[in-house]
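Let me begin by presenting the structure, written as structure tokens, before commenting on it.
The values are calculated or read from the model by the stated rules, or taken from the named source; none is laboratory data. Please read all numbers here as calculations on a predicted model, not as lab measurements. Using ideal geometry, Cβ is built from the backbone for each residue, glycine included, and neighbour counts are taken over all protein chains shown.
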């Protein structure tokens, strides 16, 4: 029964349950029940639906996550970042073809949206639309020059385009921002291998394995 005055305690309860994750095996279920009670009492407040979306995403229940976003849209068609969240959901599902137009709509509404450009570029990279990915990831780097994620995926795109020199330069720049990321050394090693620079390749792979001693591809790399 709708009663906004009685809704807030249920949202607080949900947050308390989530804080007990790892201690209470039923924490997520209790949180879902509490958030559901919140939205039943305050159905026009989109925050409850977004909380449910976030929790269903964490649980991998994408059908219900999509349903919650649709409920937000029914009340607030211009809810901030709505299409970004849809794009993230579709990308997480591996449905990049559906994700791309959602990110594009978000960018149309806000041409300075870093996360939308990142999401779009990453989705296009997965779809092997490397030229488009390069363009959008370049825009993401322009919007935030200190985004190691934007530089990493831009480097990945250059690697796929066989621009290995450009890829290595971007991987190195990403390392300045994220020195604890072993994948950067692995990807550089791959580029050096393609370029035939054996010494540099081995140095990069050695650093990767030092940082990731239990890497699943350790034996394969050690044979190079």
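Among the residues here, residue 131 does not qualify as part of a helix (DSSP H, G or I) and under 17 Å from residue 80 (Cα atoms).
When residue 72 is tested against (1) in a helix (DSSP H, G or I); (2) not assigned by TED's automatic domain parsing to the domain that holds residue 57, exactly one condition is not met: (2).
Take the conditions (1) under 21 Å from residue 105 (Cα atoms); (2) at pLDDT below 90; residue 21 misses just one of them, which is (1). When 35, 17 are checked against the criterion of being buried (at least 17 other Cβ atoms within 10 Å of the Cβ), over 24 Å from residue 81 (Cβ atoms) and in contact (Cβ under 8 Å) with a residue 12 or more places away in the chain, a single residue qualifies: 17. Select from the range 38-55 the residues that are over 27 Å from the mean Cα position of the chain (by Cα) and surrounded by fewer than 21 Cβ atoms within 10 Å (Cβ to Cβ) and list them in ascending order. Listed by number, the residues that qualify are 40, 41, 42, 43, 44. Going by what's in this entry, would residue 4 be described as closer than 23 Å to residue 78 by Cβ, surrounded by fewer than 15 Cβ atoms within 10 Å (Cβ to Cβ) and at pLDDT below 95? For residue 4, the condition - closer than 23 Å to residue 78 by Cβ, surrounded by fewer than 15 Cβ atoms within 10 Å (Cβ to Cβ) and at pLDDT below 95 - is met. If I go through the range 173-196 residue by residue, how many of them are in a helix (DSSP H, G or I) and over 20 Å from the mean Cα position of the chain (by Cα)? Residues meeting the conditions: 12.
Among the residues examined, residue 132 qualifies as closer than 25 Å to residue 94 by Cβ and free of Cβ contacts under 8 Å to residues at least 24 places away in the same chain.
Residues are listed down the side, and each one gets a yes or a no for (1) farther than 26 Å from residue 28 by Cβ; (2) surrounded by fewer than 21 Cβ atoms within 10 Å (Cβ to Cβ); (3) touching a residue at least 12 places away in the same chain (Cβ under 8 Å):
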{"site": "77", "(1), (2), (3)": "yes, yes, no"}
{"site": "93", "(1), (2), (3)": "no, yes, yes"}
{"site": "101", "(1), (2), (3)": "yes, yes, no"}
{"site": "108", "(1), (2), (3)": "yes, yes, no"}
{"site": "112", "(1), (2), (3)": "yes, yes, yes"}
{"site": "136", "(1), (2), (3)": "yes, no, yes"}
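Kindly indicate which of 123, 133, 140 is modelled with pLDDT of 95 or more, farther than 26 Å from residue 73 by Cβ and out of contact with any strand residue (DSSP E or B) (no Cβ under 9 Å at 6 or more places or on another chain). 133 is the lone residue from the list that is modelled with pLDDT of 95 or more, farther than 26 Å from residue 73 by Cβ and out of contact with any strand residue (DSSP E or B) (no Cβ under 9 Å at 6 or more places or on another chain).
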